[in-house]
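Notes follow the structure.
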Amino acid sequence: MSSETVLNYYDSCLRTEDVALLGEGNWLNDKLIAFWFEYLEHTILEGRDDVALVTPDVTQMIKFLSVEELTVILEPLALASRKLVLLAVNDNADSSGSGGSHWSLLCYHREQNAFFHFDSMLQLNARYAKQLQEKLCRLINCAPQAEHVPIDSPRQVNCTDCGVYVMLYAEYIAENHKARRDFAVSIPPKNKIDFPLPGIVQEKRSQVRACISSLAQGSSSSACAK
């Protein structure tokens, strides 16, 4: 497969092999999730400066670098002033590069002083999410004793769709924030959340692929809408 650039979108660069992963049965890589975070930031959350979507590469740095190093690196993100901070969590324990086998989403809600962990595989990434929470609290000015809240969210039925669920969770939170609804309050007491449409996972793969194609052709981002 040729390794041609398909799309340059803000800080994201997608190549042919990246976009091919949106086909059914493929595990999504960090570049696709980073692109979707960029897309949400510049469309749904356009003009909002109280939300930060932290891409997988930066999340990996938070895992392995010291607080002193991260204080300088993360300064442009202004995480300490954000109401919501979303991070794509990966189970890769190797500091030398990309990898891993499972994605989940960690969201810090400053007003509730809580970290909500959305995991499509029964909190498989809980250990990594809690490690990130401990490190992040020292970087974003958390109030003491921030709570860790595992969310009973929709579960994947295979071993490859976790990245698509992360896209869906992030979009759900962004949409609620745009509509000025508090997603944390909208979660029932048992910390369970459901998406409204059946078959939405495969639909999302197709939608993101069409979105990338549309943006690459210079079309309006409205073509990426649900």
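The values are calculated or read from the model by the stated rules, or taken from the named source; none is laboratory data. Please read these numbers as outputs of a predicted model, since none were measured by experiment. Every residue, glycine among them, receives a Cβ derived from its backbone with ideal geometry; neighbour counts consider all protein chains shown. SASA here: full protein model, heavy atoms, side chains in, ligands and nucleic acids out. Shrake-Rupley method; radii C 1.70, N 1.55, O 1.52, S 1.80 Å.
Of the residues making up segment 128-165, those that are in contact (Cβ under 8 Å) with a residue 24 or more places away in the chain, of a type in the set (A, V, I, L, M) and over 17 Å from residue 184 (Cα atoms) are 129, 132, 136, 139, 140, 143, 164. Looking at this structure, is residue 87 under 12 Å from residue 140 (Cα atoms) and surrounded by 20 or more Cβ atoms within 10 Å (Cβ to Cβ)? So residue 87 fails the test. Applying the criterion of being buried (at least 17 other Cβ atoms within 10 Å of the Cβ) and of a type outside the set (A, V, I, L, M) to the residues of segment 136-147, the residue that is nearest to the chain's Cα centre (by Cα) is 137. Close contacts from segment 106-125, counting a first residue that is without any contact (Cβ under 8 Å) to a residue 60 or more places away in the chain and farther than 22 Å from residue 158 by Cβ and a second that is open to solvent by 10 Å² or more (accessible area, probe 1.4 Å) and of a type in the set (S, T, N, Q), with Cβ to Cβ under 8 Å and a gap of 6+ residues or different chains, come to 106/133; 108/133; 113/145; 115/133. Applying the criterion of at least 3 residues that are in contact with a strand residue (DSSP E or B) (Cβ under 9 Å, 6 or more places away or on another chain) to the helices (runs of 4 or more DSSP H) found wholly in segment 107-226 leaves 126-137, 162-178, 200-216. Among residues that are hydrophobic (A, V, I, L, M, F, W, C), modelled with pLDDT of 90 or more and under 19 Å from residue 41 (Cβ atoms), residue 126 is not included.
If you go through segment 1-54 and pick out every residue that is in a loop (DSSP other than H, G, I, E, B), open to solvent by 30 Å² or more (accessible area, probe 1.4 Å) and among the small types (Gly, Ala, Ser), you end up with 4.
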